[in-house]
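These notes are about the structure you will find just below.
Nothing in this text is a laboratory measurement; each read-out follows from the coordinates by a stated rule. Everything quoted here is computed from the prediction, not taken from an experiment. Neighbour counts are summed over all protein chains in view; Cβ atoms, including those assigned to glycine, are modelled from backbone coordinates with ideal geometry.
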Amino acid sequence: MSDVRRRSAARKLLRRPGALFGLAVIAILVALAVFGSWIAPLDPNRQNIPRRLEGPSWDHWLGTDHLGRDLVSRLISGTRIGLAMALPTVSAALLFGLTIGLAGGYLGGRVDALLLLVVDFLGAFPGLILALVLIPLLGTSIPTLIFVLTFAFMPPYARVTRASVLAVKERQFVLAERALGAGSVRIVVAHVLPNIIAPILILAAIDIPIVIVAESGLSFLGLGVPPPDASWGSILFEGFSRVRDAPGPVAWPAIAIAVTTVAFTMVGESLRSVTDIDIVGARTGRAA
């Protein structure tokens, strides 16, 4: 995509209310993740049993959980953990998928067939089933979750990249570079990659909230971030059995997950709309 088209797409994006809403929410989430330890009113793991399951008050704006911990502080801590999970997971899935898709799509032949077989093999396992099998074996920790979810989310990136490379590598400017004696690495880096990266980045923007939801689902099943650290899923899990006594520990993280999902999805869909890109090759199923 040329600089002129990038600037035009950016202007169109900033005119869309949905995109502006999504970008504003994402900026708030990043600020909470980076400066959360200064913003949080209390220690998220500090227990105050006499004030357990309280509703919103001046001391606890969103109430407390079953151990008297401040929900605002725990939600802010959950924001940091959610982004610390989602960003490395999506980045690693993008990197591995991009590498595999570039190699397979550009080289073709047996290399393409072999890499496509590997991608199809990984994509054949539902992400939740893969997590349920591997996490008990490897132990519950953030690195383990990132490792498992990376491989669960990688196949769509490889498929989208491969499909885009197949559409680009036979275009005239690529054939001209090849005829002039340019090497494969130069052609891929200078000509193929810049013309296929946009749909990959759009897919990443859409995947970030899906990873957060996946982590929340695993935490709800007891396979996520180990206590006492707070993720949105673990807060939901701890509050679910007491929802009739205090709905706050269930309602607030559910709202946070919903708003985050809507924000990232709006940005991703707006990017796809203003760049007029159709993401092909990605499967519709997702991990967890």
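Data table
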item: Length added when fully stretched, Ser91-Phe21, from 0.36 nm per residue minus Cα-Cα; result: 22.8 nm
item: Top of Ile255, Ile210, Ile202 by mean-square fluctuation, Gaussian network on the chain, Cα under 10 Å; result: Ile255
item: Cα centroid separation - segment 70-102 against segment 116-151, whole Å; result: 15 Å
item: Under-5 Å amide H pairs with Leu42, H placed in peptide plane, nonlocal only; result: Ser73
item: Theoretical FRET efficiency, 1/(1+(r/R0)^6), r = Cβ-Cβ of Leu180 and Ala31, R0 41 Å, to 0.05; result: 0.25
item: Note, ³J(HN,Hα) from phi for segment 180-196, Karplus 6.51, -1.76, 1.60, rounded to Hz, x at Gly and Pro; result: 7, x, 5, x, 4, 5, 4, 5, 5, 6, 8, 10, 6, 4, x, 8, 10
item: Interchain or long-range residues, amide H under 5 Å from Gly224's placed H; result: Ser219
item: Listed residue (Ala254, Pro56, Ala33) projecting farthest to the positive dipole end of the chain, Cβ model; result: Ala33
item: J(HN,Hα) series, segment 245-253, from Karplus relation 6.51 cos²θ - 1.76 cosθ + 1.60, nearest Hz, glycine and proline x; result: 7, 8, x, x, x, 9, 5, 5, x
item: Two-site label geometry, Leu114 and Arg244: point separation in nm, points 7 Å out along Cα→Cβ; result: 6.1 nm
item: Among Leu271, Leu53, Leu114: highest mean-square fluctuation, GNM of the chain, C-alpha pairs under 10 Å; result: Leu114
item: Computed helical MRE - 222 nm, the chain, DSSP H runs ≥ 4 contributing -39500 (n - 2.57), nearest 500; result: -24000 deg cm²/dmol
item: Dipole axis of segment 3-275 (+1 Lys, Arg; -1 Asp, Glu on Cβ), positive-most option in Ala205, Leu166, Phe240; result: Leu166
item: Amide H within-cut-off set for Arg69, under 5 Å, with H built and near neighbours excluded; result: Asn48
item: Label-to-label distance, nm, for residues given as Ala251 and Asn48 (7 Å Cα→Cβ offset); result: 2.0 nm
item: For segment 39-44, Karplus couplings with θ = phi - 60° (6.51, -1.76, 1.60), whole Hz, Gly/Pro x; result: 7, 4, x, 9, 5, x
item: Choice from Glu177, Glu238, Glu54 with maximal GNM fluctuation in the chain (Cα, 10 Å cutoff); result: Glu177
item: Candidate values (1) 21.8, 77; (2) 19.5, 64; (3) 20.6, 68, label of the one derived for Rg and Dmax of the Cα atoms in Å; result: (1)
